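Nothing in this text is a laboratory measurement; each read-out follows from the coordinates by a stated rule. Just so you know, these numbers come straight off a predicted model, no measurement behind them. Glycine gets a Cβ as well: all are built from the backbone with ideal geometry, and neighbour counts include every protein chain shown.
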Amino acid sequence: MKIKKSKPSDNSAQSAPEATANAKKSSVKKAPAHAHLLSLHFLLHVFFKKLFSIVLIGIGAVIIAMMCFTINSESSASKTMSLNYEESTKGKTPNGSRFSLSDFLVQDYMNDIIEEIGFQGELTAADLSDIISIYPTSNGRVVTDEDGYYINSSYTVSVKLPRELQLKISADDLLDKVCDTFEKQFINANRVTVKSLTLDANYDEMDYDEISSYFYMMLNRIKNYIDVRNNQNGSFISDNGLSYSAIRKACVNLQIYTLAEFDGYIWENGVSKDRDRRIANLKEINRELTWDYKSNNEKSQKLMDVLEGYNNKLVSSVLIPTYDSNGAFYMSRTKVGIDDLALQADTYLSEAVSLNKSISTNLSKLSALARVPGAAKLTRADAMVAQISSELGDIISQISDVDTACYAQRINGYLMFTKPETSLMASLNVTSSIEVALIVCLLWYVLAVLFTYRRQKKKQY
């Protein structure tokens, strides 16, 4: 028995490929092409559809941004400069002059930096000053007691390398040289030295009395210098036990004992390298003193004669009733013209007495010079000069030693340079890179929305 195969009818199943295609079409949800561009449904559809690509683009943007920020940061660097001395709270330098940021950008400073980095001929002082920036920090201000004025004690020093220098030196290396030069120059500018105390006299060309006057002058200068330093660092004691107070005491002892002994010796014994010249000088001095003495004595005598000619009734004081600051009544005595005359007479007389004393002293010196001293006395005078000069040199050397020790302790911390502390995220510019990546992802998403909307619109037509 033959079985007849039935033919497929028109309503029978479709071929396998067509069925598969139709199945896929029916299983895929179409985007709402009819939706508005700004509808939430449409925006979410595009977002989730492009989520993977958005994430990849964001990651790539973060990496690229971090690389760009890192490359850019290598061309710039900054440090914080702090002023650590008492005068800074008054807007002054350690030596009392006004503090100014412009002082750090002077040509001498710039030339020293150029020399340190070895860029002579490649970089001018003006070019370098354009690269360096100094500006106050917001957290380094103090307020003066007088007027509430804000004075900065902290500043930011930064460098920004131009393109032509980026391959020759790093920003950090240049900044280090800048800060080192600033510190060195600032300290040198405010250093107190003993150059003014140098013994530079030629004793061979000076007579003994001139040498004595020179010693007195140097001792007074040394004492004044010590007083200034003692006011600044009175409590400082060096490692070898020296202090400014102790040095000053030694200076005073040298003056009132050793130098006074030398001064008395040369005049008591008539010691001189050029007796005739000294005698002539003293006589000329005495002639001038004698003339001044007579003038002052005559003026005093004339005023005394005037005073004696006044009637007692004319010179009597006038009493005026008045009140003091507490309201108490009293009789005030007036000062009449006769009182001024008496004061002038006394002044002239005192000056005459002083001049007469100097004349007498010079006469004693002339008497001593009339006697010819032996060679032993000249030798003794020379030995005393050598001794005093040596002791003065020791005192100046001690001052220099104490200055050096005190300077190392006090002055070296006048300027402090510190590099701002940054976290790993800050150094890698993670936050900024993420911000850039978010902007890129947003732009990408907006473009994707516009592109998807446009494509769906085309399918409708």
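Listing for the model above:
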read-out	value
Cut-off under 5 Å, modelled amide H: who pairs with residue 156 long-range	81, 135, 137
Extension gain (nm, one decimal) between residue 235 and residue 281, 0.36 nm per residue minus Cα-Cα	11.8 nm
Fewest-first sequence of 400, 212 by Cβ atoms within 10 Å of each Cβ	400, 212
Reciprocal of mean inverse Cα separation for the stretch 154-298 (Kirkwood radius, Å)	21.2 Å
Theoretical gain in end-to-end length, residue 107 to residue 124 [0.36 nm per residue, Cα-Cα removed]	5.2 nm
For residue 99, distant residues with modelled amide H under 5 Å away	92, 93
Residue 256/residue 190 FRET efficiency (R0 41 Å; Cβ-Cβ; nearest 0.05)	0.75
Surrounding net charge for residue 210, when Lys and Arg each add one and Asp and Glu each subtract one, Cβ distance under 12 Å	-3
Positive-end residue of 407, 376, 393, charge dipole of the stretch 362-413 with Cβ unit charges	376
Neighbour-count order for 248, 275, fewest beta carbons within 10 angstrom listed first	275, 248
Cα→Cβ-extended label distance, 7 Å offset, between residue 354 and residue 340, nm	2.3 nm
Integer Hz, Karplus 6.51/-1.76/1.60 couplings in order for the stretch 47-55, x for Gly and Pro	4, 5, 5, 9, 4, 4, 5, 4, 4
Distant-in-sequence amide H partners of residue 206 (H built 1.01 Å from N, under 5 Å)	none
